[in-house]
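Trainee: Once you've had a glance at the structure underneath, I'll fire off some questions.
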Amino acid sequence: MRWIFLLVCLQPRYLRGARILALFPIPSPSHYFFALPYLKSLASEGHEIISVNPYPLKEPIKNIYDIPVPEVFENFNEILEFVKTPKTTWQSSDFINEYTLNLTKSVLNNEGVRRELLSPKSPRFDLIIMDLWRIDALCGLAAFLEVPIIGMAPYGTDWKIDELVGNISPISYLQSPSSHFHNLETYGGRLSHFVERSITWINYKWRHVEKQKALYKKYLPNIANKHTLAETSRNFALVLVNQHFTLAPPRPYVPNMIEVGGMHVDPDPKPLPKELEAFIQGAGDAGVIYFSLGTNVKSKSLSEDRRKLMLNTFSHLPQRVLWKFENGQLPGKPPNVFISKWFPQQDILAHPQVRLFITHGGLLSTIESIHHGKPMLGLPCFFDQFRNMEHVQRMGLGLILNLKEMAAEDFNSTIVRLLTEKSFEVMAKITGARYRDKPMKPLETAIWWTHYVLRHNGAAHMRVAGRELDFFIYHSLDVLATFFLAFFVTLTIFAFCMIKALRKCYQFKNETNILKKKFV
């Protein structure tokens, strides 16, 4: 019995329930709602989750405890206003970097965070799981609490996330999340993509890295004296990426970067409310169109011109339309349109009567649509939505329109085309089948690798050396400079010898001519 008792005591803590700190302070709902099923699953296995987020649970869940950070909503509307007008790449980068800096500051100033996490009496943790949206200073909590850290990328990876783990991110064929889509199959597209990526990189490295460092030193001074921010932010045990090779162009990953695209998708759709089910069934063979612009872009905020264009188009369609509209009333709404402030989106997309999804193109919505094999009409508004919808169009899963500039005829003809051309439906079902064909469900994959990190004390053996290298060494610029210098020196010596030889030849020729004249 004594040996059994000792064996139990020596088991890794996670087997008896680990204490996990979850940092998801981003005000965009999609970031936290992507992670929530994962956190709930960990909690159901006995782990204790302390969650820093702006969306505290409406109903308590065993083993999940919220630290609300409502302050992050204070300036969130500034982002939505900012993207309404075209901006340069430098202006966009500057704005986002400054916004996330202030967001990070508001989290570190939060009373609950300071009391529960930054005080000397803070509880012991075994792991940190955090969002990876440029909240660099919060990475210092891993060093402060002396625990491994897992990052989550709800919108897929980008150069900044790749850099954290030393992942290769070839600019020649991988599109960056951006409000601009570059055709990388052309020289002009690669050139403009290179320029945009360079501007965003320079903006962050030259203007905002020092501000993040200052924040880190201010709130975690003792740790900052031992470890630099670069060291703490490049010490991720794992990065869970909301991506899959059927959802975007296939790309390489280092060992501790794991695809869990669609982790939030519920594999078991629930029955719809009776009123909603009756409306859908009443559509008959014509079917139903589901329309949602997500949580950040509000349909109620659309201009009167855009609303009238859509209502007029919908009124002439034989299909019925479900429209996520945030107001209780929609003047001029035709009888074939059903509005609601909220819809069970995944359950709707799973319904066989739903034939088309009109979407803003957010990654979570895109994945849900692909999972259920539904064609899409993309109306992207900002950031990664353009990249997501361009891939959807290239794969033959749907089409794209400009929400601000599309004419009524374009909107109507595109919807009709998507509903009548069978190729879109066929390709959507094929891609959905490819996406669902996996050895493990994404959520199971995330849980397994989380336990792997806990079992192996942070799994440092998975991390590549490239994450510790600076830009010049990582890209072998110092080596290339050596070859360039050697080539330059060799060329200089060769040129010097050639000039010296030519001078001697010229001198010899002159001396020969003088001798000839003398003897003549």
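The values are calculated or read from the model by the stated rules, or taken from the named source; none is laboratory data. Fair warning: this is a prediction, and the values are worked out from it, not measured in the lab. Every residue, glycine as well, gets a Cβ built from its backbone with ideal geometry; the counts of neighbours run over all protein chains shown.
Trainee: Within segment 464-474, is even one residue among the charged types (D, E, K, R), more than 18 Å from residue 151 (Cβ to Cβ) and out of contact with any strand residue (DSSP E or B) (no Cβ under 8 Å at 6 or more places or on another chain)?
Mentor: yes
Trainee: Restrict the check to segment 282-301 and report whether at least one residue is among the basic types (Lys, Arg) and under 20 Å from residue 357 (Cα atoms).
Mentor: Yes, segment 282-301 contains at least one residue that is among the basic types (Lys, Arg) and under 20 Å from residue 357 (Cα atoms).
Trainee: While we're here: Of all residues in segment 31-48, which are surrounded by fewer than 19 Cβ atoms within 10 Å (Cβ to Cβ) and either within 12 Å of residue 447 (Cα to Cα) or not hydrophobic (A, V, I, L, M, F, W, C) (or both)?
Mentor: Hits for segment 31-48 are 37, 40, 41, 44, 45, 46, 48.
Trainee: Any residue at all in segment 290-312 that's part of a helix (DSSP H, G or I), touching a Pro at 6+ places or on another chain (Cβ under 7 Å) and touching a residue at least 24 places away in the same chain (Cβ under 8 Å)?
Mentor: Residues of segment 290-312 part of a helix (DSSP H, G or I): 299-301, 304-312.
After this cut, where a residue has to be touching a Pro at 6+ places or on another chain (Cβ under 7 Å) as well, the list is 311.
Checking which are touching a residue at least 24 places away in the same chain (Cβ under 8 Å) leaves us with 311.
Yes: segment 290-312 contains one or more residues that are part of a helix (DSSP H, G or I), touching a Pro at 6+ places or on another chain (Cβ under 7 Å) and touching a residue at least 24 places away in the same chain (Cβ under 8 Å).
Trainee: Taking into account only those residues within segment 377-397 that are free of Cβ contacts under 8 Å to residues at least 40 places away in the same chain and of a type outside the set (S, T, N, Q), which is farthest from residue 417 (Cα to Cα)? Spell out how you get there, then give the answer.
Mentor: Taking segment 377-397 first, the residues free of Cβ contacts under 8 Å to residues at least 40 places away in the same chain are 378, 380, 385, 389, 392-397.
Among the residues that remain, those that are also of a type outside the set (S, T, N, Q) are: 378, 380, 389, 392, 394-397.
Details: 378: 14, 380: 19, 389: 17, 392: 15, 394: 16, 395: 16, 396: 12, 397: 12 Å.
Among them, the one singled out is 380.
Trainee: Grab the helices (runs of 4 or more DSSP H) fully contained in segment 441-520, keeping just those with 2 or more residues being modelled with pLDDT under 85. Explain how you work it out, then say what you get.
Mentor: Values: elements: 442-455, 471-474, 477-519.
Answer list for segment 441-520: 471-474, 477-519.
Trainee: Something else: Picking from 140, 151, 156, which residue would you name as being in a loop (DSSP other than H, G, I, E, B) and in contact (Cβ under 8 Å) with a residue 40 or more places away in the chain? First the steps, then the outcome.
Mentor: On the way: 140 fails: in a loop (DSSP other than H, G, I, E, B); 151 fails: in a loop (DSSP other than H, G, I, E, B).
Testing whether each residue is in a loop (DSSP other than H, G, I, E, B) and in contact (Cβ under 8 Å) with a residue 40 or more places away in the chain leaves just 156.
Trainee: Could you go through segment 329-347 and let me know if any residue there is modelled with pLDDT under 95, in contact with a helix residue (DSSP H, G or I) (Cβ under 9 Å, 6 or more places away or on another chain), among the hydroxyl-bearing types (Ser, Thr, Tyr) and buried (at least 19 other Cβ atoms within 10 Å of the Cβ).
Mentor: No.
Trainee: List the pairs whose first member sits in segment 440-467 and is in the same structural domain as residue 261 (by TED's automatic domain parsing), whose second member is part of a loop (DSSP other than H, G, I, E, B) and among the acidic types (Asp, Glu), and whose Cβ atoms are under 7 Å apart, counting only residues at least 6 apart or on separate chains?
Mentor: 454/126
Every residue, every condition in (1) at pLDDT below 95; (2) under 19 Å from residue 138 (Cβ atoms); (3) under 19 Å from the mean Cα position of the chain (by Cα), yes or no:
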position: 13; (1), (2), (3): yes, no, no
position: 27; (1), (2), (3): yes, yes, yes
position: 33; (1), (2), (3): yes, no, yes
position: 47; (1), (2), (3): no, no, no
position: 56; (1), (2), (3): yes, yes, no
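Trainee: In segment 287-327, what residues are among the charged types (D, E, K, R) and in contact with a helix residue (DSSP H, G or I) (Cβ under 6 Å, 6 or more places away or on another chain)?
Mentor: So the first thing to find is which residues in segment 287-327 are among the charged types (D, E, K, R), and the list is 298, 300, 304-308, 320, 324, 326.
Hit for segment 287-327 is 326, nothing else.
Trainee: Of the residues that sit in segment 118-134 and are buried (at least 22 other Cβ atoms within 10 Å of the Cβ) and among the aliphatic types (A, V, I, L, M), which one is farthest from residue 360 (Cα to Cα)?
Mentor: 127
Trainee: Could I ask something else about it? Kindly establish whether residue 418 is part of a helix (DSSP H, G or I), surrounded by 10 or more Cβ atoms within 10 Å (Cβ to Cβ) and touching a helix residue (DSSP H, G or I) at 6+ places or on another chain (Cβ under 7 Å). Can you show your working first?
Mentor: Numbers: part of a helix (DSSP H, G or I): yes; surrounded by 10 or more Cβ atoms within 10 Å (Cβ to Cβ): yes; touching a helix residue (DSSP H, G or I) at 6+ places or on another chain (Cβ under 7 Å): yes.
Spelling it out, residue 418 is indeed part of a helix (DSSP H, G or I), surrounded by 10 or more Cβ atoms within 10 Å (Cβ to Cβ) and touching a helix residue (DSSP H, G or I) at 6+ places or on another chain (Cβ under 7 Å).
Trainee: State whether one or more residues within segment 17-37 are touching a residue at least 24 places away in the same chain (Cβ under 8 Å), within 30 Å of residue 198 (Cβ to Cβ) and touching a His at 6+ places or on another chain (Cβ under 6 Å).
Mentor: Taking every residue of segment 17-37 in turn, at least one turns out to be touching a residue at least 24 places away in the same chain (Cβ under 8 Å), within 30 Å of residue 198 (Cβ to Cβ) and touching a His at 6+ places or on another chain (Cβ under 6 Å).
Trainee: For segment 382-411: of the residues being of a type in the set (S, T, N, Q) and surrounded by fewer than 18 Cβ atoms within 10 Å (Cβ to Cβ), which is nearest to the chain's Cα centre (by Cα)?
Mentor: Of the residues in segment 382-411, the ones of a type in the set (S, T, N, Q) are 385, 388, 393, 402.
Of the ones still in play, those that are also surrounded by fewer than 18 Cβ atoms within 10 Å (Cβ to Cβ) are 393, 402.
Details: 393: 19, 402: 22 Å.
Step by step, filter segment 382-411, then rank; the result is 393.
Trainee: Hey, can you tell me all the residues within segment 268-321 that are of a type in the set (Val, Ile, Thr) and either in contact with a Phe, Trp or Tyr (Cβ under 7 Å, 6 or more places away or on another chain) or closer than 26 Å to residue 417 by Cα (or both)? Spell out how you get there, then give the answer.
Mentor: Taking segment 268-321 first, the residues of a type in the set (Val, Ile, Thr) are 280, 288-289, 295, 297, 313, 321.
Those that are of a type in the set (Val, Ile, Thr) and either in contact with a Phe, Trp or Tyr (Cβ under 7 Å, 6 or more places away or on another chain) or closer than 26 Å to residue 417 by Cα (or both): 280, 288, 289, 297, 313, 321.
Trainee: Anything in segment 216-251 that is at pLDDT 90 or above, part of a helix (DSSP H, G or I) and either in contact with an Asp or Glu (Cβ under 7 Å, 6 or more places away or on another chain) or buried (at least 22 other Cβ atoms within 10 Å of the Cβ) (or both)? List them, or say none.
Mentor: Across segment 216-251, the qualifying residues are 216, 219.
Trainee: Would you mind stating whether residue 118 is touching a helix residue (DSSP H, G or I) at 6+ places or on another chain (Cβ under 9 Å) and modelled with pLDDT of 90 or more?
Mentor: Working: touching a helix residue (DSSP H, G or I) at 6+ places or on another chain (Cβ under 9 Å): yes; modelled with pLDDT of 90 or more: no.
The answer is no for residue 118.
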